[in-house]
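Asker: Here it is, the structure in full.
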Amino acid sequence: MPTALVTGITGQDGSYLAEFLLAKGYRVCGLVRRSSTENFDRIKHIQDRIQLVSGDLLDLSSLVDAVRSVDPEEVYNLAAQSFVPTSWQQPVLTGEFTALGVTRMLEAIRTVKPGIRMYQASSSEMFGKVQQVPQSETTPFYPRSPYGVAKVYGHWITVNYRESYGLFAVSGILFNHESPRRGLEFVTRKITHAVARIKMGLANELRLGNLNAKRDWGFAGDYVAAMWAMLQQEKPEDFVIATGTAHTVRDVVEIAFSRVDLDWRRYVREDSQLMRPADVDALLGDPAKAHKVLGWEPKVGFKELIEMMVDADLMALGRDGRGR
Ligand code: NAP
Ligand code: F7E
């Protein structure tokens, strides 16, 4: 039975990846940081089948201890400060988690067990002000936020440890992926959650920033399969993971409101406070290499994804007694 160590297991992707690896017969261990209250909502349904070890990307010795005690064959480094607007408010901390945290994990692996295969969660935010359309593994980076800059560092340090020390360390350049487990602050979930609240009479307005921003949105459950596939290859290589289609924030709004038979124009307000200092206007991925080499294809389409999220938010509010 192979063993995987997943950092960020309490996050959206960590929870889907843990389910995926359990189904493949892995022993799954997750790194969790200390908190005054438990934050295991996304993994409570599998908690009796996974093992949690304590550690923090800020603390190298905790990563060394975690790698030593778990003794994994594979490490999936998903932990990060992942919300772009927060990266302007906390740029140094974002750099510590999202950039230097990667070096700490690579150092822990190099020191304890250099034969480990490591996946690094890189991001389409590295393309930022795009230099080519669509974006592929060879498109130059031009990040537009402290988060994007930190991810570029994480990407290149992964490449560098591969080239310097021969580690099997790969970087997955994933475009936006969403699900009912997406954090409430990200735009798709903010919209689907608000639509459910409006439909149930718990809210009457949704304030949004840039409605024209375009993203290549896929389903998180599909994307974790690509992470695993990258670590099963003969040689370590980086991959773009995307659907190859892009939509605007306005498209998300239209699909979400029409799912509950409401006219979005009555509820959505544009709020300049929600505009970013420098936004990424449009991202579109070219997943041709992943299709060809990994045999990876996304299964859930854009409309199905947004409707799945609206339905899940409606159910959750209903189950929770109208959200109270
Ligand atoms: P997420 O839901 O925000 O989860 C982030 C995870 O990182 C949480 O488990 C969090 O733990 C953990 N974490 C944060 N700081 C940590 C620290 N100092 N030490 C240990 N753990 C820490 O993010 P996600 O959407 O699942 O994304 C997973 C990864 O993929 C991230 O690296 C993200 O930047 C990257 N990515 C995401 C997307 C996307 O569209 N979702 C696209 C490209 C790349 P707590 O629960 O304790 O906060
Ligand atoms: O914004 C616009 C906003 O916060 C998408 C992270 O997982 O994907 C994610 O980063 C777009 C932006 O995701 C609101 O300006 C309009 O253009 O959902 P988001 P993101 O910034 O693309 C990448 C790949 C990651 O790696 C990140 O970790 O939507 N937008 N109005 C809004 N965005 C938010 N959050 N809230 C609004 O009200």
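Asker: With the structure loaded, tell me whether Val130 is more than 11 Å from ligand 2 (Cβ to nearest atom) and touching a Pro at 6+ places or on another chain (Cβ under 7 Å) or whether it fails that test.
Answerer: Here the answer is no, as Val130 does not meet what is asked.
Asker: It is to be established whether one or more residues within the stretch 151-168 are on the phi > 0 side of the Ramachandran plot and either surrounded by 14 or more Cβ atoms within 10 Å (Cβ to Cβ) or more than 13 Å from ligand 1 (Cβ to nearest atom) (or both). Step through it out loud before you land on a result.
Answerer: The initial filter retains those residues of the stretch 151-168 that are on the phi > 0 side of the Ramachandran plot, namely 166.
In the following step, the residues that additionally are either surrounded by 14 or more Cβ atoms within 10 Å (Cβ to Cβ) or more than 13 Å from ligand 1 (Cβ to nearest atom) (or both) were identified as 166.
Checked against the condition, which is being on the phi > 0 side of the Ramachandran plot and either surrounded by 14 or more Cβ atoms within 10 Å (Cβ to Cβ) or more than 13 Å from ligand 1 (Cβ to nearest atom) (or both), the stretch 151-168 yields at least one hit.
Asker: Here is a follow-up. Under 9 Å by Cβ, and 6 or more places apart or on different chains, what pairs join a residue from the stretch 273-294 that is exposed (fewer than 14 other Cβ atoms within 10 Å of the Cβ) with one that is at pLDDT below 95 and aliphatic (A, V, I, L, M)?
Answerer: Taking only residues 6 or more apart or on different chains, not a single pair turns up.
Asker: Related question: Go through the stretch 211-232 and give me each residue that's open to solvent by less than 40 Å² (accessible area, probe 1.4 Å) and not aliphatic (A, V, I, L, M). Steps first, answer last, please.
Answerer: The first filter runs over the stretch 211-232 and keeps only residues open to solvent by less than 40 Å² (accessible area, probe 1.4 Å), leaving 211, 213, 215-227, 229-231.
The answer is Arg215, Asp216, Trp217, Gly218, Phe219, Gly221, Asp222, Tyr223.
Asker: Related question: Suppose we filter Gly8, Gly14, Gly25, Gly30 for residues that are out of contact with any Lys or Arg (no Cβ under 8 Å at 6 or more places or on another chain) and touching a residue at least 40 places away in the same chain (Cβ under 8 Å); which single one remains?
Answerer: Sole residue among the options that is out of contact with any Lys or Arg (no Cβ under 8 Å at 6 or more places or on another chain) and touching a residue at least 40 places away in the same chain (Cβ under 8 Å): Gly8.
Asker: Quick check on my filter: what residues within the stretch 55-95 are within 16 Å of ligand 2 (Cβ to nearest atom), assigned to a helix (DSSP H, G or I) and open to solvent by 40 Å² or more (accessible area, probe 1.4 Å)?
Answerer: Trp88, Gln89, Pro91, Leu93
Asker: Testing Gly148 on (1) within 11 Å of ligand 1 (Cβ to nearest atom); (2) part of a loop (DSSP other than H, G, I, E, B), one condition comes back false. Which one is that?
Answerer: Condition not satisfied by Gly148: (2).
Asker: Additional query: Select from the stretch 186-216 the residues that are within 17 Å of Val84 (Cβ to Cβ) and in contact with a Phe, Trp or Tyr (Cβ under 6 Å, 6 or more places away or on another chain) and list them in ascending order.
Answerer: Applying the first criterion (within 17 Å of Val84 (Cβ to Cβ)) to the stretch 186-216 yields 186-191, 208-216.
Once the filter is applied, which keeps residues that are within 17 Å of Val84 (Cβ to Cβ) and in contact with a Phe, Trp or Tyr (Cβ under 6 Å, 6 or more places away or on another chain), the stretch 186-216 yields only Asp216.
Asker: Another question about this same structure. Among what's in the stretch 175-227 and is part of a loop (DSSP other than H, G, I, E, B) and aliphatic (A, V, I, L, M), pick the residue that is nearest to ligand 1 (Cβ to nearest atom).
Answerer: Here is the first cut: in the stretch 175-227, the residues part of a loop (DSSP other than H, G, I, E, B) are 175-176, 179-186, 200-205, 209-213, 216-217.
So of that shortlist, the ones also aliphatic (A, V, I, L, M) come out as 184, 200, 202-203, 211, 213.
On the way: Leu184: 11, Met200: 25, Leu202: 24, Ala203: 23, Leu211: 19, Ala213: 14 Å.
By that ranking, first place goes to Leu184.
The values are calculated or read from the model by the stated rules, or taken from the named source; none is laboratory data. Keep in mind the model is a prediction, meaning the values are calculated, not measured. Here Cβ is always computed from backbone atoms with ideal geometry, including for glycine, and neighbour counts include all displayed protein chains. What goes into the accessible areas is simple: the full protein's heavy atoms, side chains included, and nothing from ligands, DNA or RNA. Shrake-Rupley method; radii C 1.70, N 1.55, O 1.52, S 1.80 Å.
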